[in-house]
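Accompanying notes for the structure given below.
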Amino acid sequence: MIQDRIKEKLLQAFEPLHLEVVNESYMHNVPAGSESHFKVVIVSEQFDGVRLLGRHRAVNAVLADELSNNVHALAMHTYTESEWQNLFDGAPSTPSCRGGSKLG
């Protein structure tokens, strides 16, 4: 499963204090059982002193194979431990899909 591969790779690369890998494909116009849209919430000490763009680039680098082959969309929420502790409701919710190619 792609979701499991993503989780394994992120665990190995970042040794996160918290990790969520959520398959949000069901929220989009894709066949049932698809693994194409994911949300990642990751808290790692490796993000200390790293700007948001650098964090996202690091995650993209680790997941390069998945992003170039199977994964269509990846929402990333990357936090340091102190940032995570200051959140009251966790990571932001993903907005509903607007239909993509169905709009045009």
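Give me the pairs: first residue in the range 59-70 and in contact (Cβ under 8 Å) with a residue 24 or more places away in the chain and within 10 Å of residue 6 (Cβ to Cβ), second residue among the small types (Gly, Ala, Ser) and assigned to a helix (DSSP H, G or I), beta-carbon distance under 6 Å, and six or more apart or on different chains, which are they?
Listed pairs, sorted by first residue: 62/13.
How about the range 1-50: which of its residues are over 13 Å from the mean Cα position of the chain (by Cα), polar (S, T, N, Q) and assigned to a loop (DSSP other than H, G, I, E, B)?
Across the range 1-50, the qualifying residues are 29, 34, 44.
Given the structure, is residue 71 at pLDDT 95 or above and either under 15 Å from the mean Cα position of the chain (by Cα) or surrounded by 10 or more Cβ atoms within 10 Å (Cβ to Cβ) (or both)?
The answer is no for residue 71.
Please verify whether the range 43-51 includes one or more residues that are under 24 Å from residue 87 (Cα atoms), open to solvent by less than 30 Å² (accessible area, probe 1.4 Å) and modelled with pLDDT under 90.
No, every residue in the range 43-51 fails to be under 24 Å from residue 87 (Cα atoms), open to solvent by less than 30 Å² (accessible area, probe 1.4 Å) and modelled with pLDDT under 90.
The values are calculated or read from the model by the stated rules, or taken from the named source; none is laboratory data. Please read these numbers as outputs of a predicted model, since none were measured by experiment. Neighbour counts are summed over all protein chains in view; Cβ atoms, including those assigned to glycine, are modelled from backbone coordinates with ideal geometry. Quick note on the areas: whole protein, heavy atoms, side chains included, nothing else; ligands and nucleic acids left out. Shrake-Rupley method; radii C 1.70, N 1.55, O 1.52, S 1.80 Å.
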